[in-house]
Amino acid sequence: MTNANDQISPAARAAFLRQEIQRHSRLYFQDDNPEIPDAQFDLLVRELEVLEASHPELISPGSPTAMVGAPTGGRALKEVTRAIPMLSLDKALSAEEIQDFEDRVKRFLGTSESVPFRTMPKFDGLAVELIYAGRILTLASTRGDGRTGEDITPNVKTISSIPQTLNSSAPGSELRVRGEVYMDKSEFVRLNEEREAAGLSVFANPRNAAAGSLRQLDSRETSRRRLSFFAYGLAEPEMAEVETYAGLMVRLAEWGFPVEASAASRSTDKISEVIAILEKLANDRDQLPYEVDGLVVTVDSLSLWPRLGATSRSPRYAVAAKFKPRAAVTKVLSIEVQVGRTGALTPVAIMEPALVGGVTVSQATLHNEDELKRKDVRPGDWVQIQRAGDVIPEIIAVELQRRPPDLAPFEFPHHCPVCGTEAVRKLDEAVSRCPNPSCPAQIEARLIHFAHKGALDIEGLGQKVAALLLSKELVGQPSDLFRLTLTKLQALPRFGSKSAANLIAAIDKARTKNLWRFINGLSIRHVGERSSQILAGHFKSLKALSEATREQLLSLNDIGPEVAQSVLDFFQSPLNQSFISDLIGQELGVKPTFEEPLASGGLSGQRFVLTGTLSGMTRAEAKARIIAKGGRVLSAVSRETDFVVAGEAAGSKLTEAKKLGIPTLDEKGLLALLDGGSAPAEKPEN
């Protein structure tokens with residue numbers, strides 16, 4: 001095995017963190033099956049933020065630190081693109097960081113005076129947007145990646161606490177209400193007892209249960225799960241015609257929405273009181289009928305929100321103060337090294353089951369060889385573990401005082417534990433890999449990934465079915481799935497006529513899935529959903545992508561050298577060439593469809609800066625429409641800017657545009673571009 005330097009480079013650590021954050025984000029938001037606790041996820045994000053701040057050259061437009069939530073896709077639900085994005089909240093992980101939030105607000109406002117805040121428990125559910133037209137609920141969607149969510153209207157209409165028609169005090173114009181769908185603890189217990197009695201798997205926690213219930217394809221199933229809802233805001237707060245966030249909550253209640261009203265929802269102008277509210281809520285949270293994982297702290301004055309503004313992923317006027325994780329102590333029984341679809345060797349601690357925050361857990365990932373050595377976890381150790389609402393914990397520390405003197409360190413394998421091939425670790429990577437693409441563990445993992453929700457979404461093809469198909473030699477590579485027949489499946493154990501027919505139907509449906517899903521399902525290293533969409537949007541077929549040159553790949557926005565090399569390496573492999581030829585050959589009837597996976601149009605790649613007030617739409621709506629046509633909206637004017645859109649009372653950005661000779665558009669010109677036409681922009685004289 002190739003040895004790495006003892007000191008991991010910042011670039012390698014950043015690459016590892018981005019990969020882990022994106023993977024865990026997919027598990028949490030799309031699969032409703034998180035692998036690590038929220039607290040550990042938050043620490044991964046925080047570490048990446050610090051690393052990027054210290055090494056600006058590592059900052060990438062596709063970094064998770066610049067993204068909201070998680071990408072949509074992976075379920076057979078229609079996508080919804082919203083005009084005003086739903087942003088995430090920055091997190092405060094300690095009292096010091098809550099104080100830092102207040103300091104930032106004051107510094108941004110240029111004041112030393114106290115700033116009033118409104119606090120509210122942070123619900124552990126699923127964020128949704130409800131759109132009312134003429135006071136009637138017309139559309140409901142998940143947050144998704146902030147800009148694009150999933151249409152869950154039929155399911156939301158089964159939730160009794162969400163009004164389908166608002167009372168006459170509510171505005172009759174279009175109203176976008178935002179809130180959280182959650183499951184009461186008592187309903188969570190009832191549902192799991194019911195599922196256990198029926199021989200079904202149980203949910204890990206109420207958040208997973210709520211998310212899984214809300215994203216059901218059959219709304220009748222959602223209605224049986226008795227979800228609840230709290231409203232917490234408006235996409236356009238000015239529609240409430242109030243001056244404070246506290247007043248906004250009152251107005252939402254007047255219109256007929258349930259709002260949170262515990263002792264933790266209150267106003268204060270002292271940050272010390274905010275910290276005290278968080279500490280009391282942490283102590284009292286088990287008494288609440290629903291799960292919370294922190295406290296949302298919001299600047300109370302709505303007039304200050306536009307002044308504070310927002311970053312690309314979070315508003316500056318609010319922060320999510322998180323609870324300190326709950327902890328427990330348990331014993332490590334063994335350490336297993338698992339092999340993933342790209343050959344990554346991942347150590348996992350198998351522990352005596354322990355109750356942590358009401359959930360029994362028995363495994364914790366140790367990520368890689370370096371993390372394992374850093375924590376020095378050994379089979380037989382007693383360890384401290386923590387969780388924050390999820391099922392699999394993080395090992396915080398080893399209780400060294402309880403370690404037997406003869407307990408030997410765990411020896412990380414130099415060979416793949418499944419196929420025996422010598423493992424390889426590159427100098428700039430933290431992960432050791434099995435380089436054998438024919439490794440049975442990799443084949444199984446790739447097959448599962450090919451069928452998973454973010455790829456071809458073949459319902460009914462999980463780990464157990466994949467292992468069965470491979471063991472019976474019915475499948476050797478993913479393309480073999482399209483050779484399966486009803487007769488072959490019915491001959492297998494675990495398959496009845498109905499389950500076999502359902503799987504065949506799901507496989508048949510996958511033959512014509514969107515091209516980007518096929519690309520994502522290929523298990524190309526460093527290529528996830530976003531990269532798959534970019535590649536599909538440019539090359540428009542698997543054949544064209546397989547013939548791409550390095551120069552063509554690097555010419556694409558957000559495709560860097562690492563991704564480009566991974567794509568080239570994948571398609572240059574004789575094994576993969578054979579697989580792709582088989583997949584898209586005439587025999588299997590596989591015909592990936594090309595639909596623009598990323599909204600695109602005549603503005604593709606063009607860079608805009610918005611300044612001033614537009615009369616026909618808000619700045620947020622203008623930004624959303626530009627992005628929907630493939631353009632980019634920047635916060636500052638530079639020589640790289642293509643257009644400056646100037647509304648009324650345009651300020652220094654217009655002045656800068658004139659100085660640099662950058663073309664400007666008025667609102668009418670922008671609308672012409674958005675509608676697919678051309679609008680001659682004014683090019684100011686220098």
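What to note about this one:
- One residue from Gly172, Gly144 being more than 26 Å from Ser262 (Cα to Cα), in a loop (DSSP other than H, G, I, E, B) and within 25 Å of the chain's Cα centre (by Cα): Gly144
- When Ser523 is tested against the conditions (1) out of contact with any Lys or Arg (no Cβ under 6 Å at 6 or more places or on another chain); (2) at positive phi, the lone failure is (1).
- Which listed residue is modelled with pLDDT under 90 and β-branched (Val, Ile, Thr), from Thr311, Thr268: Thr311
- Residue under evaluation Glu394, criteria (1) closer than 25 Å to Val377 by Cβ; (2) in contact with a Ser or Thr (Cβ under 8 Å, 6 or more places away or on another chain); (3) surrounded by 14 or more Cβ atoms within 10 Å (Cβ to Cβ); (4) of a type in the set (D, E, K, R), criterion not met: (2)
Rundown of residues vs (1) of a type in the set (Gly, Ala, Ser); (2) within 19 Å of Thr593 (Cβ to Cβ); (3) exposed (fewer than 15 other Cβ atoms within 10 Å of the Cβ), yes/no style:
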residue: Ala506; (1), (2), (3): yes, yes, no
residue: Asn514; (1), (2), (3): no, yes, no
residue: Gln533; (1), (2), (3): no, yes, no
residue: Ser546; (1), (2), (3): yes, yes, no
residue: Glu551; (1), (2), (3): no, no, yes
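- All told, Ser301 meets the bar of being among the polar types (S, T, N, Q), in contact with a strand residue (DSSP E or B) (Cβ under 8 Å, 6 or more places away or on another chain), assigned by TED's automatic domain parsing to the domain that holds Glu102 and surrounded by fewer than 21 Cβ atoms within 10 Å (Cβ to Cβ).
- Count - residues of the range 81-112 that are in a strand (DSSP E or B) and crowded, with 18+ Cβ neighbours inside 10 Å: 2
- Ala408 vs. criteria buried (at least 16 other Cβ atoms within 10 Å of the Cβ) and either over 26 Å from the mean Cα position of the chain (by Cα) or not β-branched (Val, Ile, Thr) (or both): no
- For the range 113-148, the set of residues classified as touching a residue at least 24 places away in the same chain (Cβ under 8 Å), of a type in the set (Gly, Ala, Ser) and buried (at least 24 other Cβ atoms within 10 Å of the Cβ) consists of Gly125, Ser141, Gly144, listed by residue number.
- Glu254 being part of a helix (DSSP H, G or I), assigned by TED's automatic domain parsing to the domain that holds Ala92 and under 29 Å from Ser186 (Cα atoms): yes
The values are calculated or read from the model by the stated rules, or taken from the named source; none is laboratory data. These numbers were taken from a predicted model, which means no experiment stands behind them. A quick note on method: Cβ atoms are made from the backbone with ideal geometry, for glycine too, and the neighbour counts reach across all protein chains shown.
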